[in-house]
Amino acid sequence: MENATKALLIAGGIFFGLIIITAIIFAYTQIVDYYRSEQEIIKTEQVVKFNQQYDRYIRNDVRGNEILSLINKIVDYNKREADTEGIKFERMIIQISLDGKKSEFKYPKKYDVENKDIIMDFNNTRSDNDIDKISNMMQTIQGNTGVNYTEAQLQRCATEISNIFAPDDFPNSDKKNATPSWVSACKKRNSVVQSIIGKEYDALSANEQLKLKEATLEYYQFQRFKRAHFDCEVSKVEYNKETGRIVKLVFKFNGKFE
């Protein structure tokens, strides 16, 4: 009888122990599930917050100025989040198609100086080299021409492009120097250039004059880009299947300028 009682007590202890272990495992599982759920919520909120930075560009009639801001944001993100060792987020891609209308971004053909063409279709699938040219336009122009004008000066040059190039539109003849229209155009150009860079056009060397024109033409194209309107091709927007983050945006020039 005594042995049976002990056996029952032992069995009861084991059963009670199993209940406690089961309760502990259940509680642990609940806690793990809770924290996992919390982490998923936080992760989802982070993805939503991340995508919100780019969702506002997924529309029609995105201005070129906005595209430039987006390009800078993507370049910065790729350097900070995707290209940094230890961080595994996928690089973001931006593609910008001029839809076969690149000529609309260029300066009038009569101003051409060695075909100074910096407007292209942008695709940074592999690197940011293409879009670096447009996101760092001042450095691009300085590197291409060797001039060190400020952006404000280049903006004025682009605005005054007809005055900077005007005398060169006259027929190539010695007599042109004697015509009142030629003299007037030359005086106007000297005045305009003087007001922009502090030196008359005629006081510049031949190389300096060429570089001034090249810089003007390059910034003129950039200015056209800033004034252009683009449509986001929604069907081509891509998201990372694992993280849910936007990884690709595609835009197409819609033919409009401000």
- line: Highest mean packing first, using Cβ neighbours within 10 angstrom, the peptides 179-186, 140-147 sort as 140-147, 179-186
Inter-label distance, nm, simple model (7 Å from Cα along the C-beta direction), Lys187/Val47: 7.0 nm
Karplus-derived 3J(HN,Hα), 6.51/-1.76/1.60, for each residue of the stretch 222-228, Hz, glycine and proline x: 4, 5, 5, 4, 5, 8, 6
message: With just the Cα atoms defining each centre, how far is the stretch 132-157 from the stretch 188-210? Give it in Å.
response: 17 Å
Under-5 Å amide H pairs with Phe251, H placed in peptide plane, nonlocal only: Gln95, Ile96, Ser97, Glu233
field: Only Lys, Arg (+1) and Asp, Glu (-1) charged, at Cβ; the stretch 130-250 dipole about Cα centre in debye
entry: 220 debye
- prompt: Can you run phi through the Karplus equation (6.51, -1.76, 1.60; θ = phi - 60°) for the stretch 148-162 and list ³J(HN,Hα) in whole Hz, with x for Gly and Pro?
  reply: 10, 6, 7, 5, 4, 5, 5, 4, 5, 4, 5, 5, 9, 4, 5
- request: Report ³J(HN,Hα) in whole Hz for each residue of the stretch 67-73, in order, from the Karplus equation J = 6.51 cos²θ - 1.76 cosθ + 1.60 where θ = phi - 60°; Gly and Pro get x.
  value: 4, 4, 4, 5, 4, 4, 5
message: What does the net charge come to around Arg59 if you take all other residues with beta carbon closer than 13 Å to its beta carbon, with K and R at +1 and D and E at -1?
response: -2
- request: May I ask you to compute the full-extension gain from Asp99 to Thr159, defined as 0.36 nm times their residue separation minus their alpha-carbon distance, rounded to one decimal in nm?
  value: 19.0 nm
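Values quoted throughout were computed directly from the atomic coordinates according to the rules given, and no laboratory measurement underlies them. Because the structure is a prediction, the values reported are computed rather than measured. Note that we place each Cβ from the backbone using ideal geometry, even for glycine, and neighbour counts take in every protein chain shown.
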